[in-house]
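A.B. asks: Below are the structure tokens for one structure; questions will follow.
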Amino acid sequence: MGWNGIHTLPKLNFLNPEIRDYFYAGENSVIRHWLRQPYCIDGWRFDVIHMLGEGEGATNNAHYVRAFRASAKADNPQCYVLGEHFFEATQWLQGDQEDGAMNYYGFAHPVRAFFAGLDIAFDPCRIEADEFVQWLMEAAAKIPWRNQLSQLNQLDSHDTMRFLTMVNGDEATLRYALIFLVCWAGVPCIYYGTEVALEGGHDPDNRRCFPWKRLDSRQDMVDFIKQLTSLRNQSSALQSGSVQWLYTEGDVIAFARCLDGERVICAINRGLTPAEFSIPIWQTGLEQGYFSLLIKNGEGIDASDGILNLTIPAKSGEILVQA
């Protein structure tokens, strides 16, 4: 008996007590062993977690996922319990099973549609800003806030075409998609090779070896991602702040992440012409203030009377940090 009919991938039957003890129930189980010294891994990712259970199917799956979680948290309450689901995973994300899922449903699929113009099957499609936001917020509303903050967000992965290939090598689109990834609620995940603009089609082409020689020639992309990840690491608002939508029209989106007086605004224009628009910064509780433009190093802009006037060039994004 093998997983998905593949005999070289044996299917574990958790009705067997020896299986349970070996993998999660025993004091020295696999799950607990690697969370301890000297390894101290940060968490566990469970491949196709919804297919684990008793017998040939996934009978009593929820029971076992809760048991995996309990075993892991017993050794490290802060460890990350991550499940792989390619589609909707709401029932596993109610606080008692997984901390987060690989967020195809609530992030990768809508991002692919809005930024790359491709649907779930990689066929051409087009959605506007308001549809994009509705998709994101509908998915987020189905799970508790703490689980939203723990969702693993990604532009691409080992199971999908690389994002740069989805957009036909358009690095401008890749850059503003990365801006969105770093600013959105959840855990940003950058697939290896993105930092040197690696392309790749469907599996296995998306798993090309890392082109080490590109590290020198693509230092521009390396530095860009370092800039984004540095901001993310320094900003409590981006890590756990609320989401406040400020503008969603046509090709343009803008939202704020706010926490304890810290405000970070993400604005993106996927259009082919510059976008001039005003955002109601008063919705974040601010009437006036100064914002630094992260992408345009050294520049800044003032908000007054509760309004922030922005100009975002074509096919670009900006991150505004309240000074």
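The values are calculated or read from the model by the stated rules, or taken from the named source; none is laboratory data. As the structure is a prediction and not an experimental result, all values here were calculated from the model. Counting neighbours? That spans all protein chains shown, and the Cβs are built from the backbone with ideal geometry, glycine included. The protein model used for the area step is the full one, side chains on, heavy atoms only, and it has no ligands, DNA or RNA in it. Shrake-Rupley method; radii C 1.70, N 1.55, O 1.52, S 1.80 Å.
A.B. asks: As an exercise: evaluate MET166 against (1) under 15 Å from the mean Cα position of the chain (by Cα); (2) buried (at least 18 other Cβ atoms within 10 Å of the Cβ); (3) of a type in the set (A, V, I, L, M) and give the number of the one condition it does not meet.
C.D. replies: (1)
A.B. asks: Another question about this same structure. When residues of segment 183-202 are filtered for being farther than 15 Å from GLU171 by Cα, open to solvent by 50 Å² or more (accessible area, probe 1.4 Å) and over 18 Å from the mean Cα position of the chain (by Cα), how many remain?
C.D. replies: Qualifying residue count, segment 183-202: 1.
A.B. asks: Does segment 109-123 hold any residues that are assigned to a helix (DSSP H, G or I) and either exposed (fewer than 14 other Cβ atoms within 10 Å of the Cβ) or not small (Gly, Ala, Ser) (or both), and which are they?
C.D. replies: Residues satisfying the conditions are HIS109, PRO110, VAL111, ARG112, PHE114, PHE115.
A.B. asks: Tell me yes or no: at least one residue of segment 127-145 is aliphatic (A, V, I, L, M), modelled with pLDDT of 95 or more and open to solvent by 30 Å² or more (accessible area, probe 1.4 Å).
C.D. replies: Within segment 127-145, one or more residues are aliphatic (A, V, I, L, M), modelled with pLDDT of 95 or more and open to solvent by 30 Å² or more (accessible area, probe 1.4 Å).
A.B. asks: Also: Please give the helices (runs of 4 or more DSSP H) falling wholly within segment 1-80 in which 2 or more residues are of a type in the set (D, E, K, R).
C.D. replies: Helices (runs of 4 or more DSSP H) meeting the threshold: 17-20, 61-75.
Let's see how each residue does on (1) open to solvent by 70 Å² or more (accessible area, probe 1.4 Å); (2) without any contact (Cβ under 8 Å) to a residue 40 or more places away in the chain; (3) out of contact with any helix residue (DSSP H, G or I) (no Cβ under 6 Å at 6 or more places or on another chain):
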position	(1), (2), (3)
PHE14	no, no, no
ILE19	no, yes, yes
GLY26	no, yes, yes
ILE31	no, no, no
PRO38	yes, yes, yes
ILE41	no, yes, yes
ASP47	yes, yes, yes
GLU56	yes, no, yes
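A.B. asks: For GLY2, all conditions in the list (1) touching a Ser or Thr at 6+ places or on another chain (Cβ under 7 Å); (2) touching a residue at least 12 places away in the same chain (Cβ under 8 Å); (3) more than 25 Å from GLN148 (Cβ to Cβ); (4) open to solvent by less than 30 Å² (accessible area, probe 1.4 Å) hold save one; what is the number of the exception?
C.D. replies: Only one criterion is unmet by GLY2, namely (2).
Each row is one residue, and each column tells you yes or no for (1) within 17 Å of ASP156 (Cβ to Cβ); (2) buried (at least 16 other Cβ atoms within 10 Å of the Cβ).
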site	(1), (2)
LEU181	yes, yes
PRO204	yes, no
ARG207	yes, no
LEU228	yes, yes
LEU231	no, yes
GLU249	no, no
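A.B. asks: In addition: Scan segment 287-323 residue by residue and report those that are hydrophobic (A, V, I, L, M, F, W, C), open to solvent by less than 20 Å² (accessible area, probe 1.4 Å) and under 28 Å from the mean Cα position of the chain (by Cα).
C.D. replies: Scanning segment 287-323 gives PHE291, LEU308, LEU310, ILE312, ILE319, LEU320.
A.B. asks: List every residue pair whose Cβ atoms lie under 9 Å apart, where the two residues are 6 or more positions apart in sequence or sit on different chains, the first residue falls within segment 243-263 and is closer than 20 Å to PRO313 by Cβ, and the second residue, located anywhere, is among the aliphatic types (A, V, I, L, M) and open to solvent by 50 Å² or more (accessible area, probe 1.4 Å).
C.D. replies: Hits for this filter: ASP251/LEU272.
A.B. asks: Separate question: For segment 266-323, which residues satisfy the criterion of being of a type in the set (D, E, K, R) and more than 21 Å from VAL182 (Cβ to Cβ)?
C.D. replies: Across segment 266-323, the qualifying residues are GLU276, GLU287, ASP302, ASP305.
A.B. asks: What number of residues in segment 76-116 are out of contact with any Phe, Trp or Tyr (no Cβ under 8 Å at 6 or more places or on another chain) and farther than 17 Å from LEU181 by Cα?
C.D. replies: Matching residues across segment 76-116 total 11.
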